[in-house]
1. When the accessible area of the chain is split by element with a 1.4 Å probe, what percent falls to carbon and sulfur?
2. Can you tell which of Ser86, Ser145, Ser239 shows the greatest fluctuation in a Gaussian network model of the chain with Cα springs below 10 Å?
3. Rule-of-thumb check for the stretch 196-243: C-alpha Rg over 2.2 N^0.38 Å?
4. So what is the relative contact order for the chain, in percent, with contacts set as C-alpha pairs under 8 Å and at least six apart?
5. Among 7-16, 216-225, 107-116, 21-30, how do they line up by average Cβ neighbours within 10 Å per residue, starting with the highest?
6. Any idea of the accessible area per residue across the stretch 35-157, 1.4 Å probe, to the nearest Å²?
7. Which of the listed residues, Ala161, Ile139, Leu189, is farthest toward the dipole's positive end in the stretch 102-220, when Lys, Arg count +1 and Asp, Glu count -1 at the beta-carbon?
8. Answer rounded, prolate or oblate for the stretch 1-85, using the Cα gyration tensor with square roots of eigenvalues a ≥ b ≥ c: rounded when a/c is under 1.5, else prolate when a/b is larger than b/c, else oblate.
Amino acid sequence: MDNRPIGVFDSGLGGLTVVKELIDELPNEDIIYFGDTARIPYGTRSKEIVEKYSSQCVRFLETQNVKMVVVACNTVSSCCLHVLRSKFHIPILGVIEPGAQAAVAATNNNRIGIIGTEGTISSRAYEKAILSYAPNTSIYSKACSLFVPIVEEGWANTEIAYLTAKKYLDTIKAMEIDTLVLGCTHFPLLAKVIQTVMGDGVTLINPAEGTALNVKQILTESDMLNLDENKGVYSFFVSDFGQKFEQIGSNFLGQNIVCAQKIDIEKY
Ligand code: DGL
């Protein structure tokens, strides 16, 4: 048994999609969340910068005495997971493998689409992971960078989101995929709009779901579950204040985020 909290980080509030799944799967685990709101987006930055930023995020979480780190950010998971694992001794989990496994399990026609940030798509991390499980799969990828600011702005369910989704997804829809990986923390918040554009015949994969199951499995196997029967305590840290973090984050999590604390991430 290990009652220390689970650390989760992302470039902004999108990683709360992973926190939501963790709370569902592991309701009595404490969670420390860090959103690098001062430096979002990561998805359009160079690998070197994303490596530097994400290392600072892990260092900060280590100061919070976390028992493991979940990299909610797809961009970091796809380009730097191995670097982070080699730098730090704490267990570090990403979202790519669970997302890829779920997509392979869901497809019937072996045609899978992947959408993410520029960084995630150009790394081809999802593609490689999917092909390692199912080599005969046809994969169609598309960077959808504008989805991120649309969600951060609180415009997920607007006409702007719909038109943007249509513009990005029409080509991928034409490829007759039956499964689409939402390969970015923010995209599950656009699931309604994306499903409308893609049609009901396409299964949307939220990698956060498989990630939460993966965390549960690892904590169980390594005897690190929090066996305390109380509901978990959640603490939120950001690198810049946005009222929006608390507002949009609370709506999304379905519970109030109050008192997100601001930290100086450059110190780590
Ligand atoms: N968290 C990022 C991801 O999942 C999206 C936002 C960003 O570009 O930083 O790829």
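The values are calculated or read from the model by the stated rules, or taken from the named source; none is laboratory data. Everything quoted here is computed from the prediction, not taken from an experiment. When we count neighbours, we look across all protein chains shown, and the Cβ atoms used for this are built from the backbone with ideal geometry, even at glycine. In case anyone asks, the SASA skips ligands and DNA or RNA and just uses the protein heavy atoms, side chains included. Shrake-Rupley method; radii C 1.70, N 1.55, O 1.52, S 1.80 Å.
1. Values: 5800 of 11620 Å².
Its accessible area is 50 percent carbon and sulfur atoms.
2. Greatest mean-square fluctuation among the candidates belongs to Ser86.
3. Numbers: Rg = 17.2 Å, N = 48, 2.2 N^0.38 = 9.6 Å.
For the stretch 196-243, the normalised Cα radius of gyration comes out at 1.79.
4. Details: 527 pairs, mean separation 76.4, N = 268.
About 29 percent, as a whole number.
5. Values: 7-16: 28.9, 216-225: 13.8, 107-116: 21.5, 21-30: 18.6.
Per-residue mean Cβ counts within 10 Å order the peptides as 7-16, 107-116, 21-30, 216-225.
6. Working: 4980 Å² over 123 residues.
Counting only protein heavy atoms, the per-residue value for the stretch 35-157 is 40 Å².
7. It is Ile139, whose Cα lies furthest towards the positive end.
8. Numbers: a/c = 2.07, a/b = 1.60, b/c = 1.30.
Prolate is the answer for the stretch 1-85, as a/c is 1.5 or above and a/b outweighs b/c.
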